[in-house]
Structure formats: C-alpha cells, structure tokens
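Let me begin by presenting the structure, written as structure tokens, before commenting on it.
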Amino acid sequence: MKKLLIILIMMLFVPVFADTLPFYMNSVPKSAIGLYQTDKTLVLRTNPDANAPVIKTFEFSYIPENMPVNLFAVLLNDRKLGFLYATDIDEDGWVEVIYDKQIGAKGWVQTDDKMQFLPWINFYNLYGRKYGLAVMKDAPKDIYTLYAQCEDKSQALSKLNYIQKVKMVKVSGNWALVTVLDLDKTPKSGWMKWRDSDGTIFAFPAIK
C-alpha cells in the first residue's frame, strides 16, 4: 500500500509534456497532403472564404497543460512550433486542415505566408534532411530493407536489424535516400520507402 501511494505521488508531480509527434502509421491520415504551420492564432472557417462562418478560433500559449488535444500533427511547445494535417488547398491561399484528429473534423484557414503549407515532399526535404527520419513503431518489416534504386523491384542492398539513426539525403516520390546506423554501428546507405502508394507513412522526420 505504501509503495502504491509513493507511485501515485510521483505521478502527480511529473511535469506535463504535451509535445506531439506521430509514432504509428494510423497517426497520419492517408488523406493528408502535407502540413500547415500554425500561427499564434488559428481561425477556422467552413469554406475558403474570408466571409464564411467561423467554426473555431484557437489562441496558442504553448504552455503544455493549456494546449488543445487532438489538434496537432506535430507540436513542440518549447520551440512554439506546431503543424496541422492539411487535406486540401485553394488557389487563393486557403488550406483545409484537420482540427480534431479523433473525429477527422476539418476547417479552412487562410495562410499569411506561402511557406506555412508544406506538401509532404517539401516537409521531408526541409525537416527530414535536418533531423533525419524515425521509422513508425508498427512499420512493416520490408521497410527494414535498403534498395539500390527507388523502386520495389530494385536490388536489395542491406537488411536492417535495429535502426539506431536514419540520416536522410533526399526524397524521390515515395522513397528516401538514406544512410542508416544499424545495430552493428556500421552505416548503410540506400533507398528506403517512407510512404506507401495508398498514402500510409512509414517514416517521419524526427523533429526535435
């Protein structure tokens, strides 16, 4: 009983960290075409029109315990950096985003900067090259094979056992050219499939 009480007390005093990153394949909606970087204020509308009804307005403090849940695809509070999943774009600078990941609710937000919306390729080239990739915890075993070319029928170069670190060089379609540090500490290079043809993502930039 005494041990249980101590554990409960420790849990109460553990700081709340609301940082968010996807770790499983179903964390990333297949309908997502990229990510939208949020401002401090987020105004969501029913349609891509400045006069359309407002669905919700968010004000972000980046204080972990005050941040909304089920909203962010990526959230790093210390850096005041947040991204939402984007599912559509409009030619006038509007982006459709998912604002409730649990139920898939969507709304439209107008961009203030053309770099706020990053298609997957741009996002990976920017953040994947800088931070490397993290393979999803439930990624299929064939992802642990590096190939000579960026195609399924290419020659297999290496079978990976326990990935320590993935450095990304570039992206080509659903493939990423990477150098991987495996369990044996020997760097291995080749093409890794970061996304399936149906939109399932196997590896995500390890932003920190």
Estimated [θ] at 222 nm from DSSP helical runs (n ≥ 4, -39500 (n - 2.57)) normalised by residues in the chain, nearest 500: -2000 deg cm²/dmol
Cα-Cα pairs of segment 37-163 separated by more than 19 Å (percent): 60
FRET efficiency, 1/(1 + (r/R0)^6) with R0 41 Å, evaluated for Lys80 and Lys159 via beta carbons: 0.50
Close Lys-Lys pairs in segment 33-177, where close means Cα under 12 Å and separation is 8 or more or interchain: 5
Phi-based couplings in Hz for segment 122-129 (Karplus 6.51, -1.76, 1.60; Gly and Pro marked x): 5, 4, 5, 5, 7, 8, x, 5
Positive minus negative residues near Pro140 (Lys, Arg vs Asp, Glu; Cβ under 10 Å): -1
Percent accessible area from carbon and sulfur atoms, segment 80-208, protein chains only, probe 1.4 Å: 46
Size descriptor, Kirkwood hydrodynamic radius, that averages inverse alpha-carbon separations across segment 141-191, Å: 10.9
Descending principal axes extents, segment 104-185, alpha-carbon based, whole Å: 47, 24, 24
Restricting segment 14-69 to chymotrypsin sites (Phe, Trp or Tyr not before Pro) in coil, as DSSP defines it, with at most 16 other Cβ within 10 Å: Phe17, Phe23, Tyr24, Tyr62
Binned Cα-Cα distance frequencies in segment 54-110 - 10 Å width, integer %: 22, 52, 24, 1
Karplus-derived 3J(HN,Hα), 6.51/-1.76/1.60, for each residue of segment 199-208, Hz, glycine and proline x: x, 5, 9, 9, 9, 10, x, 7, 5, 8
Gain on full stretching of the segment that runs from Ser61 to Asp100 - 0.36 nm per residue minus C-alpha separation: 12.2 nm
GNM flexibility winner over the chain from Val180, Val109, Val54 (Cα, springs under 10 Å): Val54
Built amide H within the under 5 Å cut-off of Leu160, gap 5+: Thr145, Leu146
Virtual spin-label span in nm between Tyr24 and Val69, 7 Å along Cα→Cβ: 1.5
Accessible area per residue, Å², segment 11-108 with all protein chains present, probe 1.4 Å: 56
Label-point separation in nm, Asp92 to Leu126, each point 7 Å along Cα→Cβ: 2.4
Cα→Cβ-extended label distance, 7 Å offset, between Val169 and Asp152, nm: 2.4
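The values are calculated or read from the model by the stated rules, or taken from the named source; none is laboratory data. Note that this is a predicted model, so its numbers are computed, not measured. Methodologically, a virtual Cβ is constructed for each residue, glycine included, from the backbone with ideal geometry; neighbour enumeration extends over all protein chains shown. Ligands, DNA and RNA are excluded from the accessible area calculation, which covers all protein heavy atoms including side chains. Shrake-Rupley method; radii C 1.70, N 1.55, O 1.52, S 1.80 Å.
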